[in-house]
1. Hey, can you tell me all the residues within region A:124-141 that are of a type in the set (A, V, I, L, M) and outside any helix (DSSP H, G or I)?
2. Say whether the condition of being more than 23 Å from A:Thr9 (Cβ to Cβ) and either of a type in the set (Gly, Ala, Ser) or in a strand (DSSP E or B) (or both) is met by at least one residue in region A:197-208.
3. Among the residues of region B:239-257, are any within 14 Å of chain A (Cβ to nearest Cβ), under 30 Å from A:Thr80 (Cα atoms) and of a type outside the set (Asp, Glu)?
4. A:Met84 passes all but one of (1) at pLDDT below 95; (2) of a type outside the set (Gly, Ala, Ser); (3) more than 16 Å from the chain's Cα centre (by Cα); (4) outside any helix (DSSP H, G or I); which number fails?
5. Looking at B:Pro15, B:Pro65, which one is more than 10 Å from every other protein chain (Cβ to nearest Cβ), at pLDDT 90 or above and surrounded by fewer than 19 Cβ atoms within 10 Å (Cβ to Cβ)?
6. If you scan region A:87-107, which residues turn out to be in a helix (DSSP H, G or I) and either among the charged types (D, E, K, R) or within 15 Å of A:Asn126 (Cα to Cα) (or both)?
7. Which of the residues belonging to region A:170-205 are over 16 Å from A:Thr80 (Cβ atoms) and buried (at least 23 other Cβ atoms within 10 Å of the Cβ)?
8. Looking at (1) farther than 30 Å from A:Thr137 by Cα; (2) touching a Cys at 6+ places or on another chain (Cβ under 7 Å), which one does B:Phe146 not meet, given that it meets all the others?
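The values are calculated or read from the model by the stated rules, or taken from the named source; none is laboratory data. Being a predicted model, the structure only gives us computed values, none of them experimental. Here the Cβ positions follow ideal geometry from the backbone for every residue, glycine too, while neighbour counts run over all protein chains shown.
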Amino acid sequence: MLVRVEGLTKTYGKFTAVDDVSFVVKRGEIAGLVGPNGAGKTTIIHILLGLISPTAGLINLFGKDLESDRTATLQRLNFTSPYMAFPVRLTVMENLLVFAEIYNVAEPERKIDELLERFDIARLKNKPVSKLSSGETTRVGLCKAFLNDPELLLLDEPTAYLDHQAALQVREVLIDLKKRNGTTILYTSHNMLEVQRMCDRIIFLSRGRVIASGTPLEVTRSVLRENRDKPALDEVFLRLASRRPDEAVSN
Amino acid sequence: MRSFCGSQAADQMKPYRIKAVIRRHFYEVMHNANHITYMVYWPIVNILVWGFFTLYLRKGDRLEPSVLSCLLGAVILWGLFNAFQRDMAVGFLEELWSRNLVSLFASPLSVSEYVTGLIIVTFGKAMIGLSVEALIAWAFYHYNLFPQLPALIPFILNLALFALTMGIVITGLIFRYTTRFQAMAWSFAGVLMPLSCVFYPLVALPSFLRPLARILPTTHSFEGMREAIASGVFSSIHFKWGLGLNLVYFVFAVVFFRWMFEASRARGLLVKME
């Protein structure tokens with residue numbers, strides 16, 4: 001198992017953001033962390049990155065405890081979210097050079113050029129980030145996420161600000177990466193169709209708790225209680241989003 | 001806590017990650033005119049105003065030359081202290097304003113590496129300001145700081161260490177209380193100025209304020225500076241007091257910073273700072 005989370009809980013005073021969540025992500029799979037707003041998806045990602053300390057629970061990445069081996073663990077993974085930003089006065093190239101140095105990337109300029117080409121933003125190389133659109137900044141974030149050829153990629157709604165064409169392109173790159181490098185991806189999204197196409201397995205959260213998990217088809221059958229032959233996560237989303245958190249249907 | 005900024009992280013500090021922090025701030029200085037203003041413009045204005053004032057005092061033989069030298073020396077060293085403390089906190093605020101904290105701290109970069117990189121950048125910027133002021137004082141007011149420099153360096157280092165300590169405390173407060181404390185970045189040195197005996201000796205203070213002044217490393221640095229400029233003698237007692245106090249405050253500052261940082265992590269503030 002590349003990611004093992006056991007009994008993860010995060011409380012802020014009386015509010016419980018993540019409630020006794022357990023799941024695993026196997027090497028080489030794309031796992032989707034899905035659920036409505038406030039389900040705890042982003043909090044879990046931030047806890048996995050060590051940005052938020054958990055109230056209780058165990059996080060094991062690459063077989064090691066995150067808290068005791070943070071630097072070595074974070075060297076092997078990467079993260080992006082359209083909600084994070086870069087220093088706006090620095091150019092795209094300058095920003096990426098800073099992160100390439102943090103990750104100790106060999107031949108950083110060549111690597112950055114290659115990534116800018118892959119995400120179709122080579123023309124923006126010398127532009128300050130302040131001059132970029134949200135979609136362009138998202139793609140710079142994706143370039144940052146690929147700089148160290150991560151074994152594990154944590155993506156928080158990576159296509160949220162992208163148009164249809166760009167989102168499709170990003171999905172293709174991610175699937176290609178998984179096939180070529182065996183990269184493991186933990187993915188959050190509101191877009192159920194995207195999750196259905198991308199993910200081998202999904203973990204459905206509501207109000208901080210896991211209420212269903214399995215392959216998209218397994219979750220569809222289990223939640224809708226029908227013997228479907230195709231996944232229908234949109235329907236599952238509508239059904240589960242309105243369900244009380246104690247009505248778990250975990251596989 | 002141990003993993004982010006504790007002893008283990010210090011053992012694993014990598015020069016290339018510190019260099020990345022220096023690179024990030026170097027690019028910021030190159031693109032942001034505010035840094036040039038802080039680094040060069042204000043030191044020039046400062047030394048020009050005080051320089052003209054000392055010229056005025058010099059004309060009528062109103063004061064001894066050594067007092068005038070002490071005045072200019074104090075202006076230069078206080079400028080250095082103020083710049084060091086301010087640039088340290090503002091350097092961190094730059095990350096906060098640009099919402100870069102998540103990317104930085106979701107990477108292998110440790111807080112110790114980040115702070116070390118920031119100290120190096122801040123030291124470089126403060127040295128540029130100091131050099132500009134010293135050159136103007138030498139060129140226009142015939143005040144040459146450089147022959148006295150060997151006797152002043154220990155006090156300059158004590159000032160830099162205290163400024164660093166203050167920068168760590170303010171950065172910790174910003175981590176915990178976010179931008180509510182950002183004004184401290186510019187104003188905190190000013191709070192200490194009246195008690196630091198920058199332009200007057202300790203005996204000039206009312207007796208009830210002297211014990212407070214004595215526990216500030218800045219007071220010992222400026223007392224030592226005055227002795228060095230007036231008599232050319234290095235005051236080891238002021239240096240030792242300043243250094244001793246500095247070490248105590250530095251340890252407290254590091255503990256305080258860790259406490260604030262972990263409180264910020266526990267409250268999820270690190271990902272919400274803007």
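1. Scanning region A:124-141 gives a single hit, A:Leu132.
2. No.
3. no
4. (3)
5. Testing whether each residue is more than 10 Å from every other protein chain (Cβ to nearest Cβ), at pLDDT 90 or above and surrounded by fewer than 19 Cβ atoms within 10 Å (Cβ to Cβ) leaves just B:Pro15.
6. The answer is A:Val92, A:Met93, A:Glu94, A:Asn95, A:Leu96, A:Leu97, A:Val98, A:Glu101.
7. A:Val195, A:Cys199, A:Ile202, A:Ile203, A:Phe204, A:Leu205
8. (2) is the only condition that B:Phe146 fails.
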